[in-house]
Amino acid sequence: MSGPTSNPDWNGSGSSAYGTFPRPRLSSNQSRTSYDSSTVHSNGGDVSPKRMPSRHIEFRKYLKRPHLTESQRTLSDALRAAKSREEQETLLPDDDHAGSDGCFNGVGEPLGPRDVFTPYPHSNLKVYYNIHRIRRLILAVIEDPYTTEQLREPRMNILIVKPLVDRLYDEEDISIVYCLLVNRMQFLREQQFQQHHRTVDLTRANLCELVAMKVLRRHDEESTGKPGLLHLAQILVAPFQPFQGAPDERCPPRHVSEYQGQGDYEGKLTALEVAIVSESKVLLSSSGSQKVIDAVYRGRIVYTPTTFIDIIPDHYKHKPISLYDPRKAPLLNQYRLMVPRTRNIIEVVQFIILLALYSWCMSVRKDHFLTNAEIIFILYGGGWVLDELISCLEHGWEVHTQELWAFLDVTFAGIFLIYFSMRVHGWVVGNDETGRQALDVLAIASPILFPRIAFNLMPENMLFIALRAMVKEFTALSLIAIWCFGGFLLALKWLSISNPEVGYEDSPNSITISKWMLWIWFGLDGQGIDEAPGFHEILGPILMVIYAFIGNTLFLTVLVSILSNTFSKIAADATAEIQFRRAVLTFEGVKSDSLFAYRPPFNLLAFVILLPLKFLLTPRWFHKINITAVRVLNFPILLAIAYHERAALWKPSRRQSLSGPGPSKRSTWLFDSDFWGKWKRMSPHADLQAVFEEEPPNDVVQRIEEEDDLEDAILENSFAATAGADRRSISPGSAMTRRRRLSSVWPGSAS
């Protein structure tokens with residue numbers, strides 16, 4: 001860090017997307033983050049004895065602290081971050097100007113009427129230019145392979161990562177994170193077919209993710225409160241198109257579907273979706289990303305997602321990215337059915353109903369005719385499979401399969417379709433045997449349905465997260481083994497046919513030989529080795545023994561090693577894996593298709609009725625009919641959601657107490673009652689929680705801030721001394737080489 005600098009010359013006011021505020025003017029030789037901590041305190045503390053005009057005191061709260069890493073943050077930085085998190089989660093102000101649907105931008109500006117389709121607000125951003133600019137920078141600075149740990153080392157951070165962040169960060173351009181993730185996907189794609197640059201391309205991809213994480217963190221540090229939360233949401237869930245801002249001769253032809261009705265939003269992707277597809281777990285596990293993901297999951301932030309295909313789209317009212325106030329929203333708000341947390345609860349209940357109907361159907365099954373239980377199960381199961389189908393179409397197969405239990409849902413959907421086809425075929429042709437076999441096919445769905453409920457109830461359990469990855473590896477290895485061991489099967493079959501002592505008719509069939517090979521593979525029985533001379537006196541035993549060594553010893557050892565390695569990798573970074581699955585669950589939960597608002601089996605009825613109406617009615621009348629049907633069919637659910645969110649969506653703000661502890665003004669009657677207070681104090685650990693329920697008095701806060709100012713000065717001086725020592729320890733030759741390389745792309749960066 002640099003030493004004390006002269007006081008900045010304050011002049012004029014700056015503006016951002018969330019309001020107008022005073023902004024300092026810096027001299028040419030003064031860094032944007034090099035304010036003198038001894039002159040002005042960012043936490044709103046008192047001014048030091050240095051002389052400062054009174055108008056500077058008025059603007060001191062807008063000063064920003066230097067961008068310190070987590071290990072270099074001062075006490076005031078941590079306090080400010082904690083207060084910012086509390087502001088983002090507390091109750092919305094009463095004097096906001098929210099719209100009739102409870103949505104507003106967080107700074108008191110009305111969002112306008114909802115009867116007009118919201119135009120695309122980011123058309124001025126040069127996404128195409130940023131993508132290729134970032135690619136040139138990454139190619140210039142990375143020529144050798146590095147691991148992720150090496151990229152995070154202090155020296156690499158000073159020489160490569162921090163200059164990139166400083167170069168790319170722009171508080172007005174929210175597309176930088178998206179462009180970095182697009183480049184990460186491209187480097188990962190090039191890694192697959194450019195073998196001579198494989199490790200280098202992986203390093204470049206990891207660097208793109210690391211820089212994106214740090215750019216997002218800087219946005220998080222410089223944007224506080226609810227406007228800051230909204231700004232982070234704009235970065236992660238605002239849609240962009242890679243060719244936005246490109247020359248006309250470079251833009252491919254776009255086919256905008258009037259049926260989908262997404263207008264300028266069609267064909268665009270969000271940074272959150274690109275991060276999920278590219279498995280950017282470092283970015284998604286960062287505090288800024290999790291802050292937005294949690295707000296979207298709970299429904300504090302609402303937006304209209306861009307989708308690949310909607311079977312019955314209803315985009316007559318397009319919701320921009322905004323904060324949601326349930327107190328000013330309509331009581332029956334059908335859009336709250338698409339909140340990820342609400343939809344997750346609804347899906348769990350729907351699956352429990354499906355599991356109950358399945359058990360009822362199989363327990364009273366009749367092979368020759370349909371029972372009432374089977375008819376109900378067919379209707380409800382058909383609606384559930386339709387819901388799974390439109391989930392696959394919503395954001396594409398690649399995103400949907402990232403969900404933890406997607407492989408179980410897809411497997412059951414396939415079993416149900418086979419069962420239903422066989423049952424209908426047997427009923428049409430009058431073949432009772434086909435109907436019986438259809439129920440036998442349905443019976444094998446039991447190992448799929450019963451474990452699936454555990455995945456829903458414990459989605460963050462490491463066993464299930466690792467099990468999903470290991471099942472994928474096991475399936476791939478098993479298919480390879482079956483393919484390779486098929487040659488042994490053909491060789492043994494042909495040897496038995498050519499054996500004159502056995503003959504063609506007496507030779508064992510392929511199923512019998514496969515059974516013997518399978519038993520040897522898993523070490524269950526050695527009958528195949530005993531029968532080997534029947535194929536050929538010499539070659540038969542040789543083939544069987546070789547297969548036993550390869551299958552039972554070599555292949556199973558490799559399989560166990562690969563699965564152990566997969567589990568150890570996931571367990572080593574358990575937090576990132578859990579947060580990545582949470583991001584997938586949140587992104588998948590924000591739905592757009594109208595069919596998601598109808599519960600099975602009513603979605604089948606909606607599909608039959610609303611699909612023809614989509615072509616017959618105007619968008620306005622189709623929207624009215626759709627929301628009326630949704631509110632009628634979901635009336636109890638919408639009432640329960642409205643009651644719960646008005647009480648629990650936002651945390652009540654803690655009152656600034658001056659005279660001591662007492663009940664909060666925003667507390668409900670339940671928490672104000674004497675009985676509940678006495679019940680809470682019966683615990684021996686009640687004081688551990690009660691000490692945080694009220695803010696400390698002002699005199700205590702003032703004393704803490706005065707001591708924090710002294711600690712900040714000590715820590716900053718210590719950091720300056722440490723940074724100087726680190727700079728002296730860097731090899732001059734390597735630093736000079738790096739500067740020469742950077743100067744070819746970044747003019748003036750070598751000085």
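Where a number appears in this text, it was derived from the coordinates with a stated rule and is not lab data. Since we're looking at a predicted model, the values are computed, not measured. For neighbour counting, all protein chains shown are included, and Cβ atoms are generated from backbone atoms with ideal geometry for every residue, glycine included.
In table form, for the structure just shown:
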| read-out | value |
| --- | --- |
| Cα gyration tensor, the stretch 427-506 - rounded (a/c under 1.5), prolate or oblate | oblate |
| Peptides ranked, highest mean first, by Cβ atoms within 10 Å: ranges 330-339, 214-223 | 214-223, 330-339 |
| Residues whose placed amide H lies under 5 Å from that of residue 322, excluding near-sequence neighbours | 302 |
| Distance from the stretch 556-582 to the stretch 382-420 (C-alpha centre basis), Å | 25 |
| Karplus-derived 3J(HN,Hα), 6.51/-1.76/1.60, for each residue of the stretch 290-304, Hz, glycine and proline x | 5, 5, 6, 4, 5, 5, 5, 4, 7, x, 6, 10, 10, 6, 9 |
| Pairwise FRET efficiency - residue 152 versus residue 562, Cβ, R0 = 25 Å, nearest 0.05 | 0.35 |
| Qualifying chymotrypsin sites (Phe, Trp or Tyr not before Pro) in the stretch 339-396, DSSP loop, other Cβ atoms within 10 Å at most 11 | 369 |
| Cα gyration tensor shape for the stretch 217-335, rounded if a/c is under 1.5, else prolate or oblate | oblate |
| Global geometry of the stretch 417-465, whether rounded, prolate or oblate, following the gyration tensor of its Cα atoms and the 1.5 cut on a/c | prolate |
| Mean Cβ count within 10 Å, highest first, over the residues of peptides 275-287, 534-546 | 275-287, 534-546 |
| 30 Å Cα-Cα threshold exceeded, pairs from 281/472; 126/328; 226/268; 591/651; 366/591 | 126/328; 366/591 |
